[in-house]
Amino acid sequence: LKEEAHIYSIKVDDLKRLMRHNYDLCDQVMSIFGNRLLRAENKLESLIFKDARTRIIEFIKDSVEKRGLRIGYEMLLKHSLTHQDIANITCTSRQTVTLVLNELRKSDLIYFNRGKILVRDMTKLS
């Protein structure tokens, strides 16, 4: 989950001025804001309607689908997240993350160690 990024700062007034004169920039900024709003709505919906186990599993599935590497029928996700990081992302406790991951490993749905999660079969992970 590590990606290189370049961060620049710009005054709000300068950005507004640029957006008034550049439709493509305006479209990209609005798209970014729209995507952020959609993610926030999805996270809120998840917190309200889904239990902790489901949120953790959906986080794993989403991460694997976005950044995973297919190996036969399995999917490998290399990451640098701790159980506490996953708990923070899914609004659960570290203990719950550990419990769910161990349960999934015991059911032979995933294998994990530090820095890697191997999903044995994406269709069975639910």
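Each reported figure results from applying straightforward, stated rules to the coordinates on display, with no laboratory input. Since this is a predicted model, take the numbers as computed values, not measurements. All Cβ positions, glycine included, derive from the backbone under ideal geometry; neighbour counts span all protein chains shown.
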Looking at segment 99-111, can you tell me whether even one residue there is touching a residue at least 12 places away in the same chain (Cβ under 8 Å), touching a helix residue (DSSP H, G or I) at 6+ places or on another chain (Cβ under 7 Å), part of a helix (DSSP H, G or I) and under 25 Å from E45 (Cα atoms)? yes
Taking segment 54-92 as the region of interest, how many residues are outside any helix (DSSP H, G or I), surrounded by fewer than 17 Cβ atoms within 10 Å (Cβ to Cβ) and of a type outside the set (V, I, T)? 9
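Determine whether segment 41-53 contains at least one residue that is in a helix (DSSP H, G or I) and under 17 Å from I117 (Cα atoms). Full working, then the answer.
Narrowing segment 41-53 to residues in a helix (DSSP H, G or I): 41-49, 52-53.
Still in the running and under 17 Å from I117 (Cα atoms): 53.
Checked against the condition, which is being in a helix (DSSP H, G or I) and under 17 Å from I117 (Cα atoms), segment 41-53 yields at least one hit.
Residue by residue through segment 34-61, note down the ones that are of a type in the set (K, R) and either under 29 Å from Y111 (Cβ atoms) or in contact with a strand residue (DSSP E or B) (Cβ under 7 Å, 6 or more places away or on another chain) (or both). Write out each step before concluding.
Of all residues in segment 34-61, those of a type in the set (K, R) come to 36, 39, 43, 50, 53, 55, 61.
Passing the criteria: R39, K43, K50, R53, R55, K61.
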Take the conditions farther than 19 Å from D121 by Cα, of a type outside the set (F, W, Y) and surrounded by 10 or more Cβ atoms within 10 Å (Cβ to Cβ) and apply them to K11. Does it pass? no
Under 7 Å between Cβ atoms, which residue pairs at least 6 apart in sequence (or on different chains) link something in segment 80-94 that is within 15 Å of G115 (Cβ to Cβ) with a partner that is not basic (K, R)? S80/L1; S80/G115; L81/L1; H83/V97; H83/T98; I86/I56; I86/F59; I86/V97
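Can you give me the number of residues within segment 6-40 that are under 25 Å from I89 (Cα atoms), β-branched (V, I, T) and not in a loop (DSSP other than H, G, I, E, B)?
Within segment 6-40, the first condition is being under 25 Å from I89 (Cα atoms), and the residues that meet it are 6-7, 29-40.
Next, only the ones that are β-branched (V, I, T) stay: 7, 29, 32.
Keeping just the survivors that are not in a loop (DSSP other than H, G, I, E, B) gives 29, 32.
Final tally of qualifying residues: 2.
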